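Working notes, structure below.
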Amino acid sequence: QVRLVESGGGLVQPGGSLRLSCAASVSIFSFHAMGWYRQPPGKQRDLVARITSGGSTNYADSVKGRFTISRDLDKNTVYLQMDSLKPEDTALYYCNTHPPTNTNWGQGTQVTISS
């Protein structure tokens, strides 16, 4: 079973930045793609960004131009750089493979955007 540990969340003001990290217990290169997902309060969990094994990236329209997904294969870690944060980015952020595997969901990391 893959263990994924998210970190880096916090409380920031609108317009601020955060960098999330997702450390995997296995080689992330073995997966077709890794993704960052988020679940706002009372809403469903949706894909925010993904990066394929070949390094291609895709983003949800709501974060395009503000978020950047990257990875460090040596560290088996996936990152999400979030800039120009907005209150509507407030959510619990998770990483997982893409498509997601139910047994891989971790605890997530909370991101709160508020003045």
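The values are calculated or read from the model by the stated rules, or taken from the named source; none is laboratory data. Being a predicted model, the structure only gives us computed values, none of them experimental. Cβ coordinates were reconstructed from backbone atoms using ideal geometry, including for glycine residues, and neighbour counts include every protein chain displayed. Areas reflect the complete protein model, heavy atoms only, side chains present, ligands, DNA and RNA absent. Shrake-Rupley method; radii C 1.70, N 1.55, O 1.52, S 1.80 Å.
Of all residues in the stretch 1-45, count the ones that are outside any loop (DSSP other than H, G, I, E, B), open to solvent by 50 Å² or more (accessible area, probe 1.4 Å) and more than 23 Å from residue 75 (Cα to Cα).
2
Which residue pairs have Cβ atoms closer than 7 Å, lie 6 or more positions apart in sequence or on different chains, and pair a first residue in the stretch 5-21 that is over 18 Å from residue 95 (Cβ atoms) with a second residue that is of a type in the set (Val, Ile, Thr)?
Final answer for the pair search is 11/112; 12/113; 14/113.
Only one residue in 63, 48, 78 is assigned to a loop (DSSP other than H, G, I, E, B), among the β-branched types (Val, Ile, Thr) and buried (at least 18 other Cβ atoms within 10 Å of the Cβ), so which one is that?
Just a single option satisfies the conditions, and that option is 63.
Report every pair of residues separated by at least 6 positions or lying on different chains whose Cβ atoms are under 7 Å apart, first residue within the stretch 27-55 and free of Cβ contacts under 8 Å to residues at least 24 places away in the same chain, second of a type in the set (D, E, K, R).
46/38
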